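Every number here is computed from the coordinates shown, using simple stated rules; none is lab data. In this text, all values refer to a predicted model and were calculated from it rather than measured experimentally. Every residue, glycine among them, receives a Cβ derived from its backbone with ideal geometry; neighbour counts consider all protein chains shown.
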Amino acid sequence: MFNPPYVAYLVGNLLFLGSSWVMACPDDCWGSTQTHSERCTEMSWMEGMPSMRRHHYVMNQGIPDAYRRLGNPLFADTAGLAEGLRVYQQNCAACHGEQGRGDGSAGDTLRPRPANLQRLSCMSMMANDAYLYWTIAEGGKPVDSDMPAFKESLSSEEIWSVVLYLRQDL
């Protein structure tokens with residue numbers, strides 16, 4: 001009567017599709033003083049929602065070995081955050097916007113649209129130094145997006161300063 005592998009396939013897909021609507025945002029997300037409700041419901045769930053290509057890539061393949069165990073060597077002090085802001089403004093804001101909402105004018109023609117980094121900050125995967133470093137260094141090539149890679153144009157310390165800024169101040 002029922003084909004067990006087909007039923008398992010359907011159930012698995014329903015669980016996967018349902019889980020992609022769930023927001024994984026811990027209440028202490030990146031040290032924010034706002035509660036989960038304040039931080040993650042200011043906008044509707046789908047507003048500014050990025051492409052899920054990178055998320056699916058990491059869920060299926062993991063962060064590449066070269067990046068997987070990286071941790072930010074910089075401290076969240078005034079100088080480090082100021083450097084992160086400077087590098088972000090010079091290299092990221094044109095596409096991701098001044099506030100990180102993915103609304104920069106240079107990103108208008110990119111596909112997929114630049115990520116809304118404020119929205120992504122509510123996803124637990126974004127709280128990972130290795131994930132952010134890999135994303136900035138390799139750009140969109142691994143996930144077939146238009147984001148440029150910055151590993152040739154930014155030093156490792158500059159990339160880490162942007163990671164610090166994204167996690168602390170954006």
Which GluC sites (Glu not before Pro) from region 109-167 combine a DSSP loop assignment with at most 13 other Cβ atoms within 10 Å?
-> E152
Roughly how many nanometres apart are two label points built 7 Å out from the Cα toward the Cβ at M52 and D144?
-> 1.6 nm
Taking the simple approach of a point 7 Å from Cα along Cα-to-Cβ for both Q99 and S156, what is their distance in nm?
-> 3.6 nm
Please work out how much length the chain gains when fully extended from A106 to A82, using 0.36 nm per residue of separation minus the C-alpha to C-alpha distance, in nm with one decimal.
-> 6.3 nm
If we count every other residue with Cβ under 14 angstrom of L70's Cβ, Lys/Arg +1 and Asp/Glu -1, where does the sum land?
-> 0
Distance (nanometres) between label positions extended 7 Å along Cα→Cβ at S124 and R69 = 2.3 nm
Within a Cβ distance under 13 Å of S145, other residues only, what is the Lys/Arg minus Asp/Glu net charge?
-> +2
Karplus ³J(HN,Hα) for region 63-74 (6.51 cos²θ - 1.76 cosθ + 1.60, θ = phi - 60°; Hz, whole; x = Gly/Pro) runs 6, x, 3, 4, 10, 3, 9, 6, x, 5, x, 8
For region 122-161, Kirkwood radius (reciprocal of mean inverse C-alpha pair distance, Å) = 10.5 Å
Square roots of five times the C-alpha gyration tensor eigenvalues of region 74-170, ordered largest first and given in whole Å, equal 19, 14, 13
